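The values are calculated or read from the model by the stated rules, or taken from the named source; none is laboratory data. Given the structure is predicted, the values throughout are model-derived calculations rather than measurements. Backbone-built Cβ (ideal geometry, glycine too); neighbour counts: all protein chains shown. Protein only, heavy atoms only, side chains kept; ligands, DNA and RNA dropped before computing areas. Shrake-Rupley method; radii C 1.70, N 1.55, O 1.52, S 1.80 Å.
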Amino acid sequence: MAGLAESLLKADFRKLYGSAEGVRVFRAPGRVNLIGEHTDYNLGLVLPVALDLATYIATAPSADGKLRMYSEFRKEMREWNAAEIGALKPARHWTDYPIGVARELLGAGLAIAPANLLIRSTVPEGSGLSSSAALEVSTALALLSGRAMDRLDLARLCQRAEHNFAGIPCGIMDQYISIFGREHAAVEIDCRSLGHRFVELPAGITFVAVNTMVRHALAGSAYKERVAECAAAVAGIQEKFPEVESLRDVSPEQLESAAPCLPAVAARRARHVVTEDARVGRFVEASARGDVELMGRLLVESHRSLQHDYEVSCAELDFLVDTALGMEGVLGSRMTGGGFGGCTVTMLRPRAAARFGEEMARAYRRQFQATPQVYACRPSAGAGEVRDSEEF
Ligand code: GLA
């Protein structure tokens, strides 16, 4: 699994900080969500897969009271007095993610010891494959450096860091899957109970992510708007059905009966969430039966719902989906992640995968004059320490 880039991490740590004494390496993966989009903050169902794209952090104690972080991607070194982390404010900078995590750890009563960190990531930033959760979770593990923490608490803590420090009111999917991912399986997460089960995918299919290479500026503000629109939909539905606490509780019949009293936009948003939750259940059942045709159709239904009802797609994502659906061996395709750029996920026959990547790149270049990156989605293990024997 580890490429040369990862295996050189300790050597590079030594070059950067002068010594690799006591260095430990932690890994947290990115993810691709197969189905269940914008359902997590509505306490619904999601079905992500942890990827072999991951963030790796090498860390060792520092002797001078400083906390240092070097991002290879940004080619940037930052340092703070470890004792002053508790007083830091968001800086609208990549360090908001790791510092947000450090602050939350402090808030949970865990001291932040002076340390040097080297951050390397193979999760493409801004790709919708959850590079921020990978950074948060790997930072938390690096700062904990072996101190135990319940895994669900860890996911929640990283989610809080994103809320409080990066200012995004995200759901828990990305941090959860980065921690609970499993090789060869997708993970169905119930975002209300916060339980999960592993879903083995049928043989004879594979998933590929294609990166639009764009992230439109409104992604962050639109996300907050959608969260607020869902809350407005819940408030409207409660007038008729006071027992409803979130869109997860709303049945299709209740929605149909309440929709005429809701603002049109809120009704459409709610329709996406309610139908999407049902699609996750149907997808998992179809997967157990090996009904890959139905799985593919559900992916496409999910995309159309995100495109027309939830309105978080964009021209580049729609082009990738529509083009994929005309290609040989493709069973289904949809946008994945928050939307407004990032990636699509396509389910296809393994023998069609190589040709799919090449043809898609050609078609996308013709249309948008940019080369999309294509990633094989291999379900991988969740976050943890990387031991010498495994990779170094
Ligand atoms: C982003 C958020 C997740 C989730 C998805 C949409 O990735 O971080 O919590 O809401 O968007 O499904």
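A few points about this structure:
- Of all residues in segment 286-307, those that are at positive phi have Cβ atoms under 6 Å from Cβ atoms of residues that are open to solvent by less than 40 Å² (accessible area, probe 1.4 Å), 6 or more apart or on another chain, in Gly290/Pro202.
- Within segment 293-307, not a single residue is more than 29 Å from Met327 (Cβ to Cβ) and either part of a helix (DSSP H, G or I) or open to solvent by 30 Å² or more (accessible area, probe 1.4 Å) (or both).
- Some residue of segment 110-133 being surrounded by 21 or more Cβ atoms within 10 Å (Cβ to Cβ), within 14 Å of the ligand (Cβ to nearest atom) and free of Cβ contacts under 8 Å to residues at least 60 places away in the same chain: yes
- Number of residues in segment 354-380 that are closer than 22 Å to Asn33 by Cα, crowded, with 17+ Cβ neighbours inside 10 Å and either touching a Lys or Arg at 6+ places or on another chain (Cβ under 8 Å) or of a type outside the set (Phe, Trp, Tyr) (or both): the value is 7.
- Scan of segment 183-202 for residues that are part of a loop (DSSP other than H, G, I, E, B) and without any contact (Cβ under 8 Å) to a residue 12 or more places away in the chain, ordered by number: Ser193
- Those helices (runs of 4 or more DSSP H) of segment 1-116 in which at least 2 residues are modelled with pLDDT under 95, considering only elements entirely within it, cover 4-7, 9-17.
- From Ala142, Ala185, residue being touching a Phe, Trp or Tyr at 6+ places or on another chain (Cβ under 6 Å), open to solvent by less than 10 Å² (accessible area, probe 1.4 Å), away from the ligand (no atom under 16 Å from the Cβ) and closer than 18 Å to Gly36 by Cα: Ala185
- Across segment 204-233, the qualifying residues are those that are surrounded by fewer than 19 Cβ atoms within 10 Å (Cβ to Cβ), free of Cβ contacts under 8 Å to residues at least 60 places away in the same chain and hydrophobic (A, V, I, L, M, F, W, C), and the one among them that is farthest from Arg289 (Cα to Cα) is Ala217.
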